[in-house]
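The values are calculated or read from the model by the stated rules, or taken from the named source; none is laboratory data. From a predicted model like this one, the values you see are computed outputs, not experimental measurements. FYI the Cβ positions are ideal-geometry reconstructions off the backbone, even for glycines, and counts take in every protein chain you see.
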Amino acid sequence: MEQTIKNWDRGLITIILILTLAGSLFFYDASIIPSIQIYNNPHHYFYDFLLKNVLTGLLIFFLFSFVSWRWLKKNSNYFLALIIIMMLLSFLSIFHLPGQASARWFHLGVFNLQPSEFLKFFLILFFSFFYISLGRQLKKRSERVWVAVAILAVISLIVFLQPALSNLLILWAGVIAGIISLRPSWRDLMPFFVLILIFVVVGISFWGYRLARLKAKFFSHNSTSSAINFQQRQTELAIGSGGLFGKGLAGSQIKLIGIPLMLTDSIFAVYAEEFGFVGSILMIGAFLYLIGRIFYRGLNVTSDEKKFFAFGIGAWLSIQIFIHIASNSGLLAATGVPLPFFSDGASSQIAIMMALGVINNLEKS
């Protein structure tokens, strides 16, 4: 145990604790009004966040910091299979979360989670071992690529049908970044990009609301009158009103009016209004340092499996944070992606802490 702790990344642990504390303090502030409005209890959402996101998340982080790489390699197939089974069961009405038309949630009594959030971690972990193993077993490099593309296509189809196109983009980014860490040729990467293009085009055209969002965002000359863009107009207004230094903690006015999904998909907008441009830069800087530590760990291991994993996790967090902030800022159409450490949504945060726990214990070269 002592040797394991010596291998831990102090810089990584420090930034995780800083983000956890900052996220908890801000979430407490942001959640008071909706907690009163819905539950007549100012602490309802915060207590839930504290238990699931913070305490459970930190516990999971330290547990996975002790998990051996050999044990993960032995059991990654089983974990991935379990997550896929849960995702398939979520299509059945008996496992639907009440009030949810989509199949993103797996509901079993008081037990609710989003399997696709855990898929991000377990799919990258699985491919870390599987893709390297394929390279040793198959003589032709092209055969390994097509086998990997076929498996990724099947799993992507399940996520696509939930529907969860944003999660697909994050999954693909993680897997492709892991493959890039092995320095492949562009010919090896092309089948993956073709797969992504097919899913994106079909996804936008298959669900009309996505196409309507894009049209309202990029082609409507009178988007301010569009109900489709209401959430995005509110988030942009909140960010713009924050100015350089913000209105201070608890100073947000937009949260009094209300933003759709304020505690999950739109929480950066409330943060930016209270802490302004400077506070937003500090938050982004903290995230960049976290991501930098992940890639640093990946660059300083000799194992291709661990390098694949670290690059995959770094890309996952990079894309997820970018999509959340960009959709709040109006750079992208509004989409449902939580902001790590700050947004409500225990499934996402626990999956992230699992991944960070493993990164924390990656052996140095």
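For this structure, a couple of remarks:
- All conditions but one from (1) surrounded by fewer than 19 Cβ atoms within 10 Å (Cβ to Cβ); (2) assigned to a helix (DSSP H, G or I); (3) of a type in the set (S, T, N, Q) apply to Ser76; the one that does not is (1).
- Of all the listed residues (Ile313, Ile350), the sole one being touching a residue at least 60 places away in the same chain (Cβ under 8 Å), within 15 Å of Phe118 (Cα to Cα), out of contact with any Ser or Thr (no Cβ under 9 Å at 6 or more places or on another chain) and in the same structural domain as Thr264 (by TED's automatic domain parsing) is Ile313.
- Ile16 modelled with pLDDT under 95 and either part of a helix (DSSP H, G or I) or within 20 Å of the chain's Cα centre (by Cα) (or both): no
Residue by residue, here is whether (1) in contact with a Ser or Thr (Cβ under 9 Å, 6 or more places away or on another chain); (2) surrounded by fewer than 19 Cβ atoms within 10 Å (Cβ to Cβ); (3) under 28 Å from Tyr289 (Cβ atoms) holds:
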residue: Leu21; (1), (2), (3): no, yes, yes
residue: Phe26; (1), (2), (3): no, no, yes
residue: Ser31; (1), (2), (3): no, no, yes
residue: Ser35; (1), (2), (3): no, no, no
residue: Pro42; (1), (2), (3): yes, yes, no
residue: Trp71; (1), (2), (3): no, yes, no
residue: Leu89; (1), (2), (3): no, yes, no
residue: Ile94; (1), (2), (3): no, yes, no
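- Identity of the residue in the stretch 153-193, farther than 19 Å from Val337 by Cβ and outside any helix (DSSP H, G or I), that ends up farthest from the chain's Cα centre (by Cα): Ser185
- Qualifying positions in the stretch 172-191 - hydrophobic (A, V, I, L, M, F, W, C) and either surrounded by fewer than 14 Cβ atoms within 10 Å (Cβ to Cβ) or touching a residue at least 60 places away in the same chain (Cβ under 8 Å) (or both): Ala173, Val175, Ile176, Ala177, Ile179, Ile180, Leu182, Trp186, Met190
- Looking across the stretch 247-303, the residues that are within 18 Å of Glu236 (Cα to Cα), crowded, with 21+ Cβ neighbours inside 10 Å, modelled with pLDDT of 90 or more and among the β-branched types (Val, Ile, Thr) come down to Ile267, Val270.
- Residues of the stretch 316-335 satisfying the condition of being more than 10 Å from the chain's Cα centre (by Cα) and either part of a loop (DSSP other than H, G, I, E, B) or farther than 14 Å from Ile267 by Cα (or both): Gly330, Leu331, Leu332, Ala333, Ala334, Thr335
- Subset tally (residues that are assigned to a loop (DSSP other than H, G, I, E, B) and either under 21 Å from Tyr28 (Cβ atoms) or among the basic types (Lys, Arg) (or both)) for the stretch 336-352: 8
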